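The values are calculated or read from the model by the stated rules, or taken from the named source; none is laboratory data. Remember, it's a predicted structure, so these values are computed and weren't measured experimentally. Cβ placement follows ideal geometry from the backbone for every residue including glycine, while neighbour counts extend to all protein chains displayed. Just the protein is used for accessible areas: all its heavy atoms, side chains included, with ligands, DNA and RNA removed. Shrake-Rupley method; radii C 1.70, N 1.55, O 1.52, S 1.80 Å.
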Amino acid sequence: MGRVLVMLTAATAVVACSVATVMVRRRVKRRRKWRKVVGLLKDLEESFETPLGRLRQMVDAIAVEMQAGLVSEGGSKLKMLLTFVDDLPNGSERGTYYALHLGGSYFRIIRVHLGGQRSSLEVQDIERHSIPTSLLNSTSEVLFDFLASSLQRFIEKEGHESISSQDVKRELAFTFSFPVKQTSLSSGVLIKWTKGFAISEMAGEDIAECLQGAVDRRGLDIHVAALVNDTVGALSYGHYHDPDTIAAVVFGTGSNACYLERTDAIIKCQNPRTTSGSMVVNMEWGNFWSSRLPRTSYDIELDAESLNSNDMGFEKMIGGMYLGDIVRRVILRMSQESDIFGPISSILSTPFVLRTNSVSAMHEDDTPELHEVATILKHLGVPNVPLKVRKLVVKICDVVTRRAARLAAAGISGILKKLGRDGSVGEGRRRSSDKQMMRRTVVAVEGGLYSNYRMFREYMDEALRDILGDDVARQVVIKAMEDGSSIGSALLLASSHSVRTISNI
Ligand code: ADP
Ligand code: MG
């Protein structure tokens, strides 16, 4: 009996020992894996870093590229496109105008009524729809027929007091969020598609004519009277409310900026034919490139696999279409190099499956257990990850978005520098009283990324203060413009009409 007991005790001890050994080994292995993940995170943070010195170099590079793009056609990756917009709306416009806005993810149709003063601006109707994904690689005929049929439905809703009953043709501005070489305020040719669009049969076609043709084929009483880049629409809306507005930036599916330039600085344009002495320039800043941009292996892979590789490098680091995919690529790489996310999810391997609205939802998840993060990861085929892994995912969102927001701030500061409004003119020679002479400068900002992602906004504001310094930053007002691109295009059309009417008298 005693021997049996001894043997039993010994056996139990052996089992306990081996269980303990296995547990210790597992813990050591887990720790080693976690250390590897911490190493990966550190590498990530380093490669996405945007220290102030680097941002300042980017500011300089943007200002230099802007200048080069103004001197000659093809002189820079920044196309610095002419818009033929010289007079911006000021509040005195009258009438009823329409705008159809083709964005990267949404299209919008609006009708506005203007009563001759700012306070009487009335958005009478506005519709916002997702662009069906089937359109992205369809034909120009399909695209424009789709837009014309949407317009038809929009105007069919109008009541009896609508403009048509007054026997006046409807005047429509076409707000277009892709690069166009404009030949006048109302005409222009597509340069290239961006943001995942790849519609054939468009090269060399006049965009406004394409829409007018589709509208005419449906017998609609609509005149496509202006072709307006979305940034120019946002600038018009900003200027309508605040004449200190001199630039506009869109942070939506993609990203772009425009600003008001002196015509004598637009050297490549011999005969600008403007009366105001200035013209709005569409920078097409999504294509900005500089060796100072913190390009990582994730950016290189994303670009190589995109429809427009070697193009739109800046947009691919800051555009809403891409941020989600950068985060997805980081999570995928981490799950391949360690097993903290469990077995590799095939869903996670699908490009663009993680959208930027999910990135902001995870980043701004304030529940103690990070429920939102858990839910989104589950949808990505990564269920049941422990809290510390969820925290890691929040950190990845933070790293990617912070870089984007700081680069965006460098972009805005680049425009201010080009205009001599970044406070650097005469730096060192500046007298303290000059600070009071800094002009108030308003930058209109629009787009779903900016308006819906608080952390993006906060990081951008912080970086602007870092770059410009508090004194200058206080004079720079960033004004969010909900639906500014669409409303502003209608306002711009109205103001071009009032100019025409006055000059005809
Ligand atoms: P468009 O680019 O079609 O003009 P928006 O300006 O509304 O449309 O921008 C839409 C883009 O904004 C989406 O593709 C997405 O990238 C981004 N976005 C929308 N909602 C959010 C959100 N909650 N958080 C972060 N980004 C968002
Ligand atoms: Mg937009």
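Subtracting the Cα-Cα distance of Lys169 and Glu458 from 0.36 nm times their residue separation leaves 99.6 nm of extension gain. The protection proxy used here, the mean number of other Cβ atoms lying within 10 Å of each residue, ranks peptides 134-140, 63-69 as follows, highest first: 63-69, 134-140.
Sorting Thr401, Thr367, Thr133 by solvent-accessible area of protein heavy atoms yields Thr133, Thr367, Thr401, largest first, with a 1.4 Å probe.
A straight chain from Thr375 to Lys42 at 0.36 nm per residue would run longer than the Cα-Cα distance by 117.3 nm.
Electrostatic tally near Glu482: other residues with Cβ closer than 13 Å to its Cβ, Lys and Arg +1, Asp and Glu -1, net +1.
Here is the size of the chain from its Cα atoms: Rg then Dmax, 27.3, 121 Å.
Residues whose amide H falls under 5 Å from that of Val228, counting only those 5 or more places apart or on a different chain, are Phe174, Thr175, Phe176, with hydrogens built in the peptide plane.
Of all lysines in the structure, the ones whose alpha carbon falls short of 30 Å from that of Lys391, not counting any fewer than 8 places away in one chain, are Lys29, Lys33, Lys36, Lys42, Lys316, Lys378.
These residues, Ser47, Ser278, go from largest to smallest accessible area, 1.4 Å probe, as Ser47, Ser278. Rounded to the nearest 500, the helix-only mean residue ellipticity at 222 nm of the chain stands at -15000 deg cm²/dmol, with each DSSP H run of n ≥ 4 adding -39,500 (n - 2.57). Using the Cβ-Cβ distance between Val71 and Ser309 with R0 set to 30 Å, the FRET efficiency works out to roughly 0.60.
Summing Lys and Arg as +1 and Asp and Glu as -1 over all other residues whose Cβ lies under 12 Å from the Cβ of Asp311 gives a net charge of +2.
Database remark: amide H of Ser278 closer than 5 angstrom to the amide H of Thr263 (H placed geometrically; neighbours at sequence offset of 5 or more, or on other chains; Pro and chain starts carry no H). Between Asn384 and Ile191, the modelled label-to-label distance comes to 5.2 nm, taking each label 7 Å out from Cα in the direction of the beta carbon. Calculated FRET efficiency, Leu135 to Ile267, Cβ-Cβ distance, R0 = 35 Å: about 0.35 to the nearest 0.05. Electrostatic tally near Glu462: other residues with Cβ closer than 10 Å to its Cβ, Lys and Arg +1, Asp and Glu -1, net +1.
The largest accessible area among Asp311, Asp470 belongs to the first residue in Asp470, Asp311, and the rest follow in falling order (1.4 Å probe, all chains). Here the label points at Glu156 and Glu205, each 7 Å from Cα along the C-beta direction, are separated by 2.4 nm in the simple model. Over all pairs of different C-alpha atoms in region 315-401, the reciprocal of the mean inverse distance, the Kirkwood hydrodynamic radius, equals 12.7 Å. Glu127 sits with roughly 40 Å² accessible to a 1.4 Å probe, with DNA, RNA and ligands left out of the calculation. Straight-distance candidates among the lysines for linking to Lys157, with alpha-carbon spacing under 17 Å and chain neighbours fewer than 8 residues away dropped: Lys169.
Rounded to the nearest 10 square angstrom, His497 shows an accessible area of 40 square angstrom against a 1.4 Å probe.
Global dimensions of region 216-367 from alpha-carbon coordinates: Rg and Dmax equal 20.9, 65 Å. For region 77-134, report the % of Cα-Cα distances exceeding 13 Å. Roughly 71 percent, once rounded to a whole number. Counting 0.36 nm for each residue step from Asp470 to Glu122 and taking away their Cα separation leaves a gain of 121.6 nm. Shown here: region 44-178, whose C-alpha atoms stretch 61, 41, 33 Å along the first, second and third principal axes, sorted largest to smallest.
Over the chain, calculate the relative contact order: mean separation of alpha carbon pairs under 8 Å at least 6 apart, over the residue count, as a percent. With pairs under 8 Å counted, the relative contact order is 21 percent.
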